[in-house]
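The values are calculated or read from the model by the stated rules, or taken from the named source; none is laboratory data. This structure is a prediction, so every number in the text was calculated from the model and none was measured. Here the Cβ positions follow ideal geometry from the backbone for every residue, glycine too, while neighbour counts run over all protein chains shown.
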Amino acid sequence: MIQQVLAVILIIFFLLRLSWQKKNNQISFSEFIFWLFFWIIACLAIVFIKKIDNLVSGLGFSGSGIEVLIYFSIFILFYLIFRLRLKIEKMEKNITKIVRNLAINEKEDKE
Amino acid sequence: MDQLFCIIPAYNEEDCIVDVIREVKKVINNIIVVDDGSTDNTYNISLNEGAIVLRHIINRGQGAALRTGNEYALSKKAEIIVHFDADGQFKADEIDDLIKYIRKGEADIVLGSRFLEKKSNIPFLKKYFILPIARLINFIILGIKLTDPQSGFRALNRKAAFKIKIENDGMAHCSEILSKSFYYKFKIKEVPITVIYNNYGQKFSGGLRILKDMLINKLLN
C-alpha cells in the first residue's frame, strides 16, 4: 500500500514537471500528450494493480501483475531500440548520399 | 577503344597508393581514386599521380566509395569498370585477365578468385576457417556458390555496373554485388588472381560486422 502511494506521489511529481515544461514551451504538444497519457496509464496501473494481478493470472501468467508489466515494458523497449536502429541506418544511408553528391559535384565543378 | 575505368577506393593509403596508381596506369588510363575521408595525404598524392580523385569529406566505407566511383564512371560513359584495392594486394597486370571476358561478351561481371589455380599466400586461419564460413553464409543467406565470396578485385560491364547499386556502405558490399549479380541473372565468371597479403585484411570481427550489415540490409530493403 505504501509503495503504491509513493509511486503515485512520484507520478504526480512528474505530471507537475510535465505541465511546467509545457507552460514554458520546452516540449511540443504531441510530446506533451504522449507523456501525459504515459503517466496517466502508469498511475492507473498502480492504483488498480490488484485488478491487473487478477487479469494476468486469468491469462495464465505465473508472475504477478507488476512482473508482467515489466516483461511488457522490456518488450516495448526492445521494439523501440529496433526501430531506432533502422532509423539510424536510414540516416547513415542519407549521409552517404550527401557525401557522394558533394564528392561528384566538387569534381564536376572543377571540370 | 572501349571506355575503361579503374576505381580504387582509398582510406589513408598514402604509403601504397602511388605504386598502385603507377601499376594500374600501365593497363588503364582512367583511374578514379575515391578518397574516402582520408586524414593523411592520399588526396594530393593521387592527384599528383594523375588520377581522377573524388573526395568523400567524411569516411563512409569501401562500399560507399565504390558506388561513388561507379556513378562517376558511368556518367563519363564507362563501358567497363574495374574495382581494385588501394593497399597493393592485387596485381595490376592481371586486370587484363578479367576484362578480356567482358570484351568477348562472355561475362557481364568477372570476379577475381584467390582459390583457383594461382597461389596466394593466404594466412592459414583465413584460408581454412574464415573464408569457408563466409562461403557457407553466402550460400545460406544468398544462395550463392562461388570459390571466393569476399574478393575485392572485379570487373563489370556498363550494364552490370548500372544495375548493381551498392547499398552496403561497409564491407558487406562484396556479398551484395554477388547476390545482385545472381538476382539480375548476369553472366558471372571467376578468374584466378594472386593476392599478396601485406596485412591480414578482414579479421574475424570484420566478418561478423559484414554479417550484421547483410542482415540489417535485408530488413531495410
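I'm trying to understand the selection: among the residues of region B:37-58, which are assigned to a loop (DSSP other than H, G, I, E, B) and within 10 Å of chain A (Cβ to nearest Cβ)?
Matches in region B:37-58: B:37, B:57, B:58.
Name the single residue, out of those in region B:20-56 being over 18 Å from the mean Cα position of the chain (by Cα) and of a type in the set (Asp, Glu), that is farthest from residue B:77 (Cα to Cα).
Looking at residues that are over 18 Å from the mean Cα position of the chain (by Cα) and of a type in the set (Asp, Glu), I get B:40.
Can you pull out the residues in region B:155-179 that are charged (D, E, K, R) and under 19 Å from residue B:98 (Cα atoms)?
B:158, B:159
Return the only residue of B:109, B:81 being more than 14 Å from chain A (Cβ to nearest Cβ) and modelled with pLDDT of 95 or more.
Testing whether each residue is more than 14 Å from chain A (Cβ to nearest Cβ) and modelled with pLDDT of 95 or more leaves just B:81.
When region A:65-111 is examined, which residues are found to be more than 7 Å from every other protein chain (Cβ to nearest Cβ), surrounded by 14 or more Cβ atoms within 10 Å (Cβ to Cβ) and farther than 20 Å from residue B:169 by Cα?
A:65, A:66, A:68, A:69
Pairs only if they're at least six apart or on different chains, beta carbon under 9 angstrom, first in region A:62-90 and at pLDDT below 90, second outside any helix (DSSP H, G or I) and exposed (fewer than 10 other Cβ atoms within 10 Å of the Cβ); list them, first residue then second.
These pairs meet every condition: A:68/A:59.
Please indicate, with yes or no, whether at least one residue in region B:59-76 is within 12 Å of chain A (Cβ to nearest Cβ), surrounded by 22 or more Cβ atoms within 10 Å (Cβ to Cβ) and among the charged types (D, E, K, R).
So far as region B:59-76 goes, yes, one or more of its residues are within 12 Å of chain A (Cβ to nearest Cβ), surrounded by 22 or more Cβ atoms within 10 Å (Cβ to Cβ) and among the charged types (D, E, K, R).
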